[in-house]
Amino acid sequence: MTSRIGVITFPGTLDDRDTQRAVRVAGAEAVPLWHRDKDLKQVDAVVLPGGFSYGDYLRAGAISRFSPVMETVIEQAKAGMPVLGICNGFQVLTESHLLPGAMLRNNHLHFICRDQKLRVENADTAWTTDYTAGQEISVPLKNIDGRYVADERTLDMLEAEGRVAFRYLDGNPNGSLRDIAGITNEAGNVVGLMPHPEHAVEPLIGTGRTDGLGFFTSILKKLVNA
C-alpha cells in the first residue's frame, strides 16, 4: 500500500503544490488537506508547507495555529505521527508548542531569498534518516520572519539532547541564535526548518540539485518499515 502524506493548505499558503510534488517524486501519495477540516483523511504523516498564512497577521503562524486541522495535527503529533513544518509551517509548529522557541523578524529586517548551505546535525529523526550527521546540503531559503530564538536554557537543552536538526553554514541569513536552521522534538517525529527542501528535489528546478529530496525519502522509508 502506498504511504499517504498529507499537505495542509491555509489561506496564504504558497508552497503546498510544490510540497505535494516533492511527496510524489519521493514515491508517496500526496493528500491535500484543508485548514478548516479536522479530518486528516487517514494520512500517515503531515507536512505544513511554507507561505504567509493569514498574511502573517499578529505573528507568522499565530492564527493558523488555531485552524481546526491543527487540533487534530497536535493530537496526532503527540501520539507519534510524523509532522514536518517548512518555513511558515515551522512558525506554526512553534506557535502550537509542538516545537520550542519562536520566530522573529530577520535581524536585517529584509526579506531574503537565496540558496542556503546547511549542515545536518541530526540524521536520526523521522525526516532525516537518508542524510548523515555532518553532511552539508544546499536548499533554497526565503523568509522575512526566519530568526529562530529561544531562551538560553532552551537552547542549551536542544544542544544537549541533539535536537538541533540543521545549522546554517557560510553565513547566518537571518540572525537565528546559534545558527539554528531547524530543530526536532524529543521523540524525533516532529521537525521544523526555515529553508525549503521541497524546492530542491529535481535537478531542473531550485538549486539544480536534489539535496532536499532526502526529507521525503526518509519519511517514506520510515512509513514503509513501520
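The values are calculated or read from the model by the stated rules, or taken from the named source; none is laboratory data. None of the values given here were measured: they were computed from a predicted structure. Please note: Cβ atoms are built from the backbone with ideal geometry, for glycine as well, and neighbour counts cover all protein chains shown. To get the accessible areas, we keep the full protein, side chains included, count just its heavy atoms, and leave off ligands, DNA and RNA. Shrake-Rupley method; radii C 1.70, N 1.55, O 1.52, S 1.80 Å.
Observations, loosely collected:
- The conditions of being in a strand (DSSP E or B) and under 14 Å from the mean Cα position of the chain (by Cα) are met by Gly6.
- For the range 84-141, residues that are in contact (Cβ under 8 Å) with a residue 40 or more places away in the chain and assigned to a loop (DSSP other than H, G, I, E, B) total 19.
- Among residues of the range 15-46, those that are outside any helix (DSSP H, G or I), among the aliphatic types (A, V, I, L, M) and in contact (Cβ under 8 Å) with a residue 40 or more places away in the chain, counted: 3
- Condition met for Val69 (touching a His at 6+ places or on another chain (Cβ under 6 Å), assigned to a helix (DSSP H, G or I) and open to solvent by less than 20 Å² (accessible area, probe 1.4 Å)): yes
- Counted residues, the range 99-124 - those being out of contact with any helix residue (DSSP H, G or I) (no Cβ under 8 Å at 6 or more places or on another chain) and open to solvent by less than 10 Å² (accessible area, probe 1.4 Å): 4
- Residue match in the range 217-225 (condition: in contact (Cβ under 8 Å) with a residue 24 or more places away in the chain and either part of a loop (DSSP other than H, G, I, E, B) or among the aromatic types (Phe, Trp, Tyr) (or both)): no
- Test: residue in the range 178-197 that is in a helix (DSSP H, G or I), open to solvent by 10 Å² or more (accessible area, probe 1.4 Å) and either closer than 20 Å to Glu95 by Cα or free of Cβ contacts under 8 Å to residues at least 60 places away in the same chain (or both): yes
- Checked against (1) closer than 14 Å to Phe90 by Cα; (2) open to solvent by 30 Å² or more (accessible area, probe 1.4 Å); (3) in contact (Cβ under 8 Å) with a residue 60 or more places away in the chain, Arg147 passes all but condition (3).
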